[in-house]
Amino acid sequence: MIQGSPFSEEGRRANFTLLDVQAKGELDLNDLRYINEQLKYGYNDDQLVEIIHSVGGFGAETISWDKFNKFIQRKVDRRRVL
């Protein structure tokens, strides 16, 4: 399996670790800002907060490994059905 592949938990863990630059075990607004700037996605802070809420849950300020893993797994499962 390819390193970072969303189709395995090991791959999803590799992606999460890459995104978790400070190795805090969670992703926060500063992490998403950094990724956004580095990859030149162009999201504003409100959009980044929406991403946190979509993945971490309503009112969440961070995205835990568990929430990240479950979110990506659901996306992969939906794609396989299509």
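Among (1) in contact (Cβ under 8 Å) with a residue 60 or more places away in the chain; (2) exposed (fewer than 14 other Cβ atoms within 10 Å of the Cβ); (3) not polar (S, T, N, Q), which single condition is PRO6 missing?
With respect to (1) in contact (Cβ under 8 Å) with a residue 60 or more places away in the chain; (2) exposed (fewer than 14 other Cβ atoms within 10 Å of the Cβ); (3) not polar (S, T, N, Q), PRO6 is out only on (2).
Pairs, please: C-beta under 8 Å, at least 6 apart or cross-chain, first residue closer than 22 Å to ALA14 by Cα and open to solvent by less than 80 Å² (accessible area, probe 1.4 Å) and in the range 53-67, second of a type in the set (S, T, N, Q) and at pLDDT 95 or above?
GLY56/THR62; GLY56/SER64
Using the structure shown, decide if VAL81 is over 19 Å from GLU10 (Cβ atoms) and either at pLDDT below 95 or in contact with a Cys (Cβ under 8 Å, 6 or more places away or on another chain) (or both).
Details: over 19 Å from GLU10 (Cβ atoms): yes; either at pLDDT below 95 or in contact with a Cys (Cβ under 8 Å, 6 or more places away or on another chain) (or both): yes.
Here the answer is yes, as VAL81 does meet what is asked.
The values are calculated or read from the model by the stated rules, or taken from the named source; none is laboratory data. The structure presented is a predicted model; accordingly, all values stated were derived computationally and were not measured. Cβ: placed from backbone, ideal geometry, glycine included. Neighbour counts: every protein chain shown. Remember, those area values only see protein heavy atoms, side chains included, never the ligands or the DNA or RNA. Shrake-Rupley method; radii C 1.70, N 1.55, O 1.52, S 1.80 Å.
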